[in-house]
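The values are calculated or read from the model by the stated rules, or taken from the named source; none is laboratory data. What you are looking at is a predicted structure, and each value in this text was computed from that prediction instead of being measured. FYI the Cβ positions are ideal-geometry reconstructions off the backbone, even for glycines, and counts take in every protein chain you see. When the accessible area is computed, the model is the full protein with side chains, heavy atoms only, and any ligands, DNA or RNA have been set aside. Shrake-Rupley method; radii C 1.70, N 1.55, O 1.52, S 1.80 Å.
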Amino acid sequence: MAAATIVHDTSEAVELCPAYGLYLKPITKMTISVALPQLKQPGKSISNWEVMERLKAMVHSHQFSTLRITKSTMAFIRFEGEVENKSLVKAFLARLDGKAIKLSGFSDTLRVRAAEFKIDFPTRHDWDSFFRDAKDMNETLPGERPDTIHLEGLPCKWFAPRDSGSEKPSEDVLVKVFEKFGDIRHVDIPMLDPYREEMTGRNFHTFSFGGHLNFEAYVQYREYAGFIQAMSALRGMKLMFKGEDGKAVACNIKVSFDSTKHLSDASIKKRQLERQKLQELEQQRREQKRREKEAEERQRAEERKQKELEEQERERKREEKLRKREQKQRDRELRRSQKKLEKLQAEEQKKLQERIRLEERKLLLAQRNLQSIRLVTELLSRAKC
């Protein structure tokens, strides 16, 4: 879906759900085709921008809300234009359709054709014939008859609960918005189901130009009258949001009738069973992941314990090695001390023996002196006689 555009004139908007600021505004588009002349001079070209500016000038005082090129070929340029109100469409068509554009540098004029935009929207004949001719549909059963609307391109933020701070759409808000047309039996917003993408292989999160998140939804009415009123009200309409500040924006949404039995009892039950299986698988995956995590934690604990034991053993060996080294050091010191002591003792013994020898010599000398004195005395004694 296209991006939301600013709405300056909301006079043609009709209420959808004012409590949520939602309205419906008529689609006011037109298709403009400009036939291009055959280019006779090589290298010469026609400026798409210049053609667009000439178209804008042709509507005089009015202006397009948007004007964009949808296709450009050598034969024609096709534009899609939008105006503020439905009442302006005819005035624009009157000033554009069948008129001619004269471009500078070209002798031929460019013929303009303009028509109201053909809206792609199913008719009552479309769904009546579909369900009448479908072989696998039972029109007595909900979801297998024209009772379900399929909506695409709804802005998430517009369907979020008020003052919730969330931009996720709510099924309750969806019910409140569309119960205007009749009693609702069931709604479904696929993007709210975390298992739906895995169940269907589809991505239900879509972004519009500008990055705003859109969603798709299914709304099933209890009565055919509710379905008819909703389809009639939505035909040819854009969805408009009007804020508390009075500013309004609108966006195109795609509306179709569901032809896939999406909200039939069988389909709902099938999705519930698939969801249950996926939940069980998810639980099994979580349980497996938990067991693997516990096993990893046990493994890490065992590794930590083994490392601690290894570290303790290394520490014990370091301490044993240190103890042996210290013991060897003590033994060496003891041996050094013993040797030193023995050396001191030997020196002391040597000194003692030396002193003994000196004393013995002194004694011997004293004895000899004494003998000499005695001999002299004896000799003197004899001489006197």
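Look at region 123-149: where a residue is on the phi > 0 side of the Ramachandran plot and a partner is part of a loop (DSSP other than H, G, I, E, B), sitting 6+ places away or on another chain with Cβ atoms under 6 Å, you get Gly143/Lys261; Gly143/Leu263; Gly143/Ser264.
Within the group Arg271, Arg330, Arg316, which residue is open to solvent by less than 60 Å² (accessible area, probe 1.4 Å) and either under 30 Å from Ile6 (Cβ atoms) or part of a helix (DSSP H, G or I) (or both)? Within the list Arg271, Arg330, Arg316, the selection yields Arg271.
For Gly81, indicate whether it is in contact with a Lys or Arg (Cβ under 8 Å, 6 or more places away or on another chain), surrounded by 13 or more Cβ atoms within 10 Å (Cβ to Cβ) and modelled with pLDDT of 90 or more. Against the criterion (in contact with a Lys or Arg (Cβ under 8 Å, 6 or more places away or on another chain), surrounded by 13 or more Cβ atoms within 10 Å (Cβ to Cβ) and modelled with pLDDT of 90 or more), Gly81 qualifies.
Among the listed residues Lys157, Lys180, Lys168, identify the single one that is assigned to a helix (DSSP H, G or I), in contact (Cβ under 8 Å) with a residue 24 or more places away in the chain, closer than 19 Å to Asn214 by Cα and open to solvent by 60 Å² or more (accessible area, probe 1.4 Å). One residue alone meets the criteria, Lys157.
Applying a threshold of 9 Å to beta carbon distances and a minimum spacing of six or more residues, or different chains, the list of pairs starting in region 19-34 at a residue that is without any contact (Cβ under 8 Å) to a residue 12 or more places away in the chain and open to solvent by less than 10 Å² (accessible area, probe 1.4 Å) and ending at one that is among the aliphatic types (A, V, I, L, M) and assigned to a strand (DSSP E or B) is empty.
So in region 93-119, with the set limited to residues that are touching a helix residue (DSSP H, G or I) at 6+ places or on another chain (Cβ under 9 Å) and among the hydrophobic types (A, V, I, L, M, F, W, C), which one is nearest to Ser11 (Cα to Cα)? Steps first, answer last, please.
First, the residues of region 93-119 that are touching a helix residue (DSSP H, G or I) at 6+ places or on another chain (Cβ under 9 Å): 95-96, 99, 101-104, 110, 112-117.
Cutting the leftovers down to among the hydrophobic types (A, V, I, L, M, F, W, C) gives us 96, 101, 103, 110, 112, 114-115, 117.
Working: Leu96: 25, Ile101: 33, Leu103: 37, Leu110: 36, Val112: 30, Ala114: 25, Ala115: 23, Phe117: 21 Å.
For region 93-119, the residue satisfying everything is Phe117.
From the list Lys56, Lys90, Lys71, the one residue that fits, being under 40 Å from the mean Cα position of the chain (by Cα) and either open to solvent by 50 Å² or more (accessible area, probe 1.4 Å) or farther than 20 Å from Ile6 by Cβ (or both), is Lys71. When region 93-108 is filtered for residues that are over 17 Å from Asn48 (Cβ atoms), touching a strand residue (DSSP E or B) at 6+ places or on another chain (Cβ under 7 Å) and open to solvent by 60 Å² or more (accessible area, probe 1.4 Å), only Lys99 remains.
Among the residues examined, Ile253 qualifies as closer than 30 Å to Asn138 by Cβ and in contact with a Lys or Arg (Cβ under 9 Å, 6 or more places away or on another chain). Please indicate, with yes or no, whether at least one residue in region 141-164 is of a type in the set (Ser, Thr, Tyr), over 25 Å from Gly21 (Cβ atoms), over 20 Å from the mean Cα position of the chain (by Cα) and modelled with pLDDT of 95 or more. Yes, region 141-164 contains a residue that is of a type in the set (Ser, Thr, Tyr), over 25 Å from Gly21 (Cβ atoms), over 20 Å from the mean Cα position of the chain (by Cα) and modelled with pLDDT of 95 or more. Restricting region 131-153 to residues that are open to solvent by less than 70 Å² (accessible area, probe 1.4 Å) and outside any loop (DSSP other than H, G, I, E, B), the residue that is farthest from Phe178 (Cα to Cα) is Phe131. Among the residues of region 35-53, not one is open to solvent by less than 50 Å² (accessible area, probe 1.4 Å) and of a type in the set (Lys, Arg).
Looking across region 144-203, the residues that are touching a strand residue (DSSP E or B) at 6+ places or on another chain (Cβ under 7 Å) and of a type in the set (A, V, I, L, M) come down to Ile149, Leu151, Leu154, Leu174, Val175, Val177, Ile184, Val187, Ile189, Met191.
Is it the case, given these coordinates, that Phe131 is at pLDDT below 90, of a type in the set (A, V, I, L, M, F, W, C) and touching a Pro at 6+ places or on another chain (Cβ under 8 Å)? Criteria not met by Phe131.
Restricting attention to region 234-245 and to residues that are out of contact with any Lys or Arg (no Cβ under 6 Å at 6 or more places or on another chain) and either open to solvent by less than 30 Å² (accessible area, probe 1.4 Å) or aromatic (Phe, Trp, Tyr) (or both), the residue that is modelled with the lowest pLDDT turns out to be Gly243. Is it the case, given these coordinates, that Lys289 is open to solvent by 80 Å² or more (accessible area, probe 1.4 Å) and basic (Lys, Arg)? Taking the combined requirement at face value, the residue satisfies it. In region 198-225, the residue that is nearest to Phe257 (Cα to Cα) out of those that are at pLDDT below 75 and charged (D, E, K, R) is Arg202.
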